[in-house]
1. Do you know which of the residues in the range A:1-16 that are surrounded by fewer than 15 Cβ atoms within 10 Å (Cβ to Cβ) and facing chain B (nearest Cβ under 9 Å) is nearest to residue A:79 (Cα to Cα)?
2. Name the residue that is nearest to the other protein chains (Cβ to nearest Cβ), counting only residues in the range A:36-85 that are among the aromatic types (Phe, Trp, Tyr) and not in a helix (DSSP H, G or I).
3. Filter the range B:248-276 down to the residues that are within 9 Å of another protein chain (Cβ to nearest Cβ), farther than 28 Å from residue A:33 by Cα and in a helix (DSSP H, G or I) and list them by number.
4. Only one of these is among the β-branched types (Val, Ile, Thr) and away from chain A (no Cβ under 14 Å): B:66, B:21. Name it.
5. With respect to residue B:287, determine if the residue is surrounded by fewer than 24 Cβ atoms within 10 Å (Cβ to Cβ) and touching a Gly at 6+ places or on another chain (Cβ under 9 Å).
6. Take the residues of the range B:220-247 that are without any contact (Cβ under 8 Å) to a residue 12 or more places away in the chain and more than 11 Å from every other protein chain (Cβ to nearest Cβ): which is surrounded by the most Cβ atoms within 10 Å (Cβ to Cβ)?
7. Working only within the range B:207-219, note down all residues that are assigned to a loop (DSSP other than H, G, I, E, B) and facing chain A (nearest Cβ under 8 Å).
8. Any idea which of B:158, B:169 is touching a Ser or Thr at 6+ places or on another chain (Cβ under 7 Å), touching a residue at least 60 places away in the same chain (Cβ under 8 Å), in a helix (DSSP H, G or I) and surrounded by 23 or more Cβ atoms within 10 Å (Cβ to Cβ)?
Amino acid sequence: MSDKSGQAYWRANLKLIMLCLAVWFVVSYLFGILLVDQLNAISIGGYQLGFWFAQQGSIYTFVVLIFFYAWRMNKLDRHFDVHED
Amino acid sequence: MDLQTMTYLVVGATFALYIGIAIWSRAGTTGEFYVAGAGVHPVANGMATAADWMSAASFISMAGLIAFLGYDASVYLMGWTGGYVLLALLLAPYLRKFGKFTVPEFVGDRFYSKGARLVAVICLIVASITYVIGQMKGVGVAFGRFLEVDFEVGVMVGMAIVFVYAVLGGMKGITYTQIAQYCVLIFAYTVPAVFISLNLTGNPVPQIGLGSTMSDGSGVLLLDKLDQVVTDLGFAAYTAQKGSTLNMFLLTLSLMIGTAGLPHVIIRFFTVPKVADARTSAGWALVFIAILYTTAPAVGAMARLNLIETIQTGPVGEETANIQMSDVPDWMNNWKTTGLLDWEDKNGDGRIQYYNDGNAEFAAKAESFGWTGNEMTKVDRDIMVLANPEIANLPNWVIALVAAGGLAAALSTAAGLLLAISSAISHDLLKGMIAPDISEKKELLASRIAMAGAILVAGYLGMNPPGFAAQVVALAFGLAASSIFPVLMMGIFNKNMNREGAIVGMLAGLLSTLIYIFWFKGWFFIPETNMAPNTADHWFLGISPEAFGAVGALINFVVAWAVSKVTAAPPENIQHLVEDIRVPKGASAAVEH
């Protein structure tokens, strides 16, 4: 990442957003709704996996995703020298 | 000490705390009134956002909704949490960088148009007013059930409390009371949940208890047992899907983008010092929300199991396996007097049968048992949270705490909504359009008057709820999803989006969603004026009115994009503005205005 322009910063941000939203989509819409029957054949603890994603797992993943994004963005902000103070 | 005194004591103590905070955190400037001086720590803001977001419905009704819908209620769990990912990634940091006071202000500046700002103000006020009615009702109901005062008196006491801290302290007062309210409500929610989980599974963590084996020595998993028990009585399996997949998908999406587009949530992120704080603060908000939202499925499932096993004490069909009318536990009698629970001995056998009498396949079986219909004639879903402490035999102080928690949830959400409404009136309408030269002192006074007015209107509507009060949540989320979320997102992510595109897009999203909702629920919710019955067979592709917000948002995006292609590009200074909000640097300078 030698290109330190504003455009490169924005591209890197968009890439990160797309990655996070892909995970967001997979855990909720894919695992929790579209593939729920298939995943319910597998069990995790005492939960059926699809049901667990729909009522527990997706929410935990959302929390982790936001902190992951914040952590990566702080690094990007510093790398491109656009951070505050 | 008797329950009544205990409840007055606990609720009184929490109210004294809120008033104390109000006096300590008075607002001296418009900056403090609108955004708490942008000096709230991200963790504190996360906690305040959680209280702001979790309403009377989240606290009182959601677990009951899950108890009766089972897997299908996952749409609410995912929809009302996944929106925070969108907020953190797509909106909050950029709007914080923009550094102004209200959501319509961003729309007006970014699309260089007072018209666009006005459309945003209208969407905001309609969405927020419809939402606040439910909170005021929640306050009245909580007072009525726990303190045995009249509904109207309850609403008035609630109004008076909000009045003190919201008018005095604005966003600053609201923020710190919301933090206190979060602590009260989460404690009140989790304590009964821990005990009920311990009771049934021996595991004190409800999130793990829900996936554990029963502690009765049978070695059966709780969820398997629940599936078994409900299907034995002719109900659909708890963990099985009942609704259509397309509708679940779109409803989840509508709730997510609606959540991200609700102005009273967005403005909470204007209160943190830095752009980086806005990102982490959204994460903290979701942590605090997730504590309740991951507990709720356990409360719902366990309360449903407890309720059924209280009534059906042995194998289905055996004569002595149903509870005798004279043996029902005290909590059932207590809640019968409130009208939330009721039963009737239809077949005159002196016992209660609770089963699904709408299930044709089960009917023959029921007949052979001598059952002549479901005898639990009323099981209000709110009972699942409200009666929880009594079902688990918890001491009186826990019951008192649940009352205080319900009130905290309703009051904190009401205050956040009222601030969004009053700042739209004093800052967007008055300062932004009618009297731009108004001094800060006068604007601060105007914002206090607008707040007082908004409280009166909300209180009046809470006491005299329009007949459609129950329907309007769909409207609030539909509006936020189809108009506010897309316009904000395009304002940030599409540098070429112009005034014409934004306005026509907002109107297209708004109108298509409104028409779809009114089509099935009646024009302006007036009964009998609907154009088609509100059932899945008549919905377009099986999409329910509640789930249409996502389609409205798509219409908004497409129309805005098409219109912007054939009209003039935005002026150069606007394109610079967009470039500026995309980088965090210089955020502290932007707030001085």
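1. A:6
2. Keep residues of the range A:36-85 that are among the aromatic types (Phe, Trp, Tyr), which gives A:47, A:51-53, A:60, A:62, A:67-69, A:71, A:80.
Next cut, not in a helix (DSSP H, G or I) only: A:47, A:80.
Details: A:47: 4, A:80: 8 Å.
Looking at residues that are among the aromatic types (Phe, Trp, Tyr) and not in a helix (DSSP H, G or I), I get A:47.
3. B:275, B:276
4. On inspection, the qualifying residue turns out to be B:21.
5. Numbers: surrounded by fewer than 24 Cβ atoms within 10 Å (Cβ to Cβ): yes; touching a Gly at 6+ places or on another chain (Cβ under 9 Å): yes.
Against the criterion (surrounded by fewer than 24 Cβ atoms within 10 Å (Cβ to Cβ) and touching a Gly at 6+ places or on another chain (Cβ under 9 Å)), residue B:287 qualifies.
6. Restricting attention to the range B:220-247, the residues satisfying the condition of being without any contact (Cβ under 8 Å) to a residue 12 or more places away in the chain are B:220-221, B:224, B:228, B:231, B:245.
Those still in the list that are more than 11 Å from every other protein chain (Cβ to nearest Cβ) too: B:228, B:231.
Details: B:228: 14, B:231: 16.
Filtering the range B:220-247 for residues that are without any contact (Cβ under 8 Å) to a residue 12 or more places away in the chain and more than 11 Å from every other protein chain (Cβ to nearest Cβ), the one surrounded by the most Cβ atoms within 10 Å (Cβ to Cβ) comes out as B:231.
7. As a first pass, look at the range B:207-219 and keep what is assigned to a loop (DSSP other than H, G, I, E, B): B:210-212, B:214-219.
B:210, B:211, B:212 - these are the residues of the range B:207-219 that are assigned to a loop (DSSP other than H, G, I, E, B) and facing chain A (nearest Cβ under 8 Å).
8. B:169
Read-outs: derived from the displayed coordinates by stated rules, not from any lab. Please read these numbers as outputs of a predicted model, since none were measured by experiment. So basically every Cβ, Gly included, is an ideal-geometry build from the backbone, and we count neighbours across all protein chains shown.
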